[in-house]
Amino acid sequence: MNIDHIEAFLYVVHYKSTHKAANALFLSQPTVTARIKSLERELGVELFYREGRSVTLSDKGKDFLPFATQIVQTFQQGKKQLEKTQKTDDVCIGANGVTAQYFLAYALPKWKEQFPNLRFQLVTGSTASLLEKLESHQIHVAFIQYVHREGICNEFLLNNAVKLVKHCEHPLRQYECIEAKELAQQKMVFFECGAFDWNYVHKMFEVEGVAANIEVRTDHLEVAKAFIRTKNYISFLPQLCVKNELESGEFIEVDIKHLLDMNQHIFLTYKNKDTLTSAFWEKICQTAKDFERVQMVE
């Protein structure tokens, strides 16, 4: 029994017209008519009474209708389930902007070398938005902070500490143990990245009874860096973002480990590991180790 024939039957029932059913199915009317007649021959009954162009569901058609509906629904559910669990050549990855720009730019070419048939789609967003996409099967895997949600798995992948940085010519002196009150007097550009819990930063100042002098808020990394380059601002930025500037000496880390140590982590987060091959999962973890080793060497 052809599922297309049963679907044509349901469309004709719904629209009460072979012509309208054909339009809805993007088929010709003779094709729909042929499918209905083929189904009737297979069942050995007439499903419709025909008078000219009008069709009316027969008594036998009424008897068959609930079974036809169940057959099509079961088929569609099975198809969706297979789409969720089958291994695919298309890999949709979710990541926050920082991880995408720095780690994935390093990792994707290496994954492509080992798996040349894979096609990658990269989606960036906040942890909340990527978690929603993960749960609705819009992405296969996400590189985000740890999330506690039933049915969601997290595997530690990368360290990404947050650094307080300034321009090398910024007037703030390099104290051995700088106080939060001193930092509160400095102009700050605040990079609002959804991958990090910035409440820790606010708490650091609150404990000392002061408030950070945040003059600018931005969700764009390069904008934050541009303000630092004016030599008037300091900023908390993920280490991955300022690695080159710190190495060149353009930016300098302000040591505040005695006040705050933001060792943020990036997790490999997924709902169903069977959607991708085990070899690919292993490659992701190996690439992360190689990436951190390169960072340490450099």
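The values are calculated or read from the model by the stated rules, or taken from the named source; none is laboratory data. No experiment lies behind these values; they were computed from the predicted model shown. Backbone-built Cβ (ideal geometry, glycine too); neighbour counts: all protein chains shown. Protein only, heavy atoms only, side chains kept; ligands, DNA and RNA dropped before computing areas. Shrake-Rupley method; radii C 1.70, N 1.55, O 1.52, S 1.80 Å.
Given (1) of a type in the set (Asp, Glu); (2) closer than 21 Å to THR275 by Cα; (3) without any contact (Cβ under 8 Å) to a residue 60 or more places away in the chain, identify the lone condition not met by GLU208.
The single condition GLU208 does not satisfy is (2).
Report, by residue number, each residue of segment 142-161 that is assigned to a strand (DSSP E or B) and open to solvent by 20 Å² or more (accessible area, probe 1.4 Å).
Listed by number, the residues that qualify are CYS153, ASN154, GLU155, PHE156, ASN159.
Checking the structure you have, find out if any residue of segment 74-87 is of a type in the set (Val, Ile, Thr), on the phi < 0 side of the Ramachandran plot and surrounded by 13 or more Cβ atoms within 10 Å (Cβ to Cβ).
No - not one qualifying residue is present in segment 74-87.
Taking helices (runs of 4 or more DSSP H) that fall entirely within segment 9-117, which contain at least 1 residues that are in contact (Cβ under 8 Å) with a residue 40 or more places away in the chain?
29-43, 59-85, 105-114
Being buried (at least 19 other Cβ atoms within 10 Å of the Cβ) and over 30 Å from SER136 (Cα atoms) narrows it down to one residue among ILE178, ILE214, ILE256, ILE266; which is it?
Unique residue meeting the criteria: ILE256.
If I filter segment 220-235 for residues that are within 28 Å of GLU113 (Cβ to Cβ) and open to solvent by 20 Å² or more (accessible area, probe 1.4 Å), do I get at least one hit?
Looking for residues that are within 28 Å of GLU113 (Cβ to Cβ) and open to solvent by 20 Å² or more (accessible area, probe 1.4 Å), one finds none in segment 220-235, hence no.
If I ask for residues that are in a helix (DSSP H, G or I) and buried (at least 20 other Cβ atoms within 10 Å of the Cβ), which ones from segment 241-253 would you list?
The answer is CYS241, VAL242.
Look through segment 165-183, keep the residues that are of a type in the set (A, V, I, L, M, F, W, C) and in contact with a strand residue (DSSP E or B) (Cβ under 6 Å, 6 or more places away or on another chain), and return whichever of them is nearest to THR124 (Cα to Cα).
Ranking the qualifying residues of segment 165-183, first place goes to VAL165.
Here are ASN159, ASN154: which of them is under 24 Å from ALA105 (Cβ atoms), touching a Ser or Thr at 6+ places or on another chain (Cβ under 8 Å) and not hydrophobic (A, V, I, L, M, F, W, C)?
So the residue among ASN159, ASN154 that is under 24 Å from ALA105 (Cβ atoms), touching a Ser or Thr at 6+ places or on another chain (Cβ under 8 Å) and not hydrophobic (A, V, I, L, M, F, W, C) is ASN154.
Of the residues that make up segment 74-87, is at least one among the hydrophobic types (A, V, I, L, M, F, W, C) and within 30 Å of LYS112 (Cβ to Cβ)?
yes
What do you reckon, is LYS62 under 25 Å from the mean Cα position of the chain (by Cα) and among the basic types (Lys, Arg)?
no
Assuming THR124 fulfils every condition listed in (1) in contact with a Leu (Cβ under 9 Å, 6 or more places away or on another chain); (2) modelled with pLDDT of 90 or more; (3) buried (at least 20 other Cβ atoms within 10 Å of the Cβ) apart from one, which condition is it?
For THR124, the exception is condition (3).
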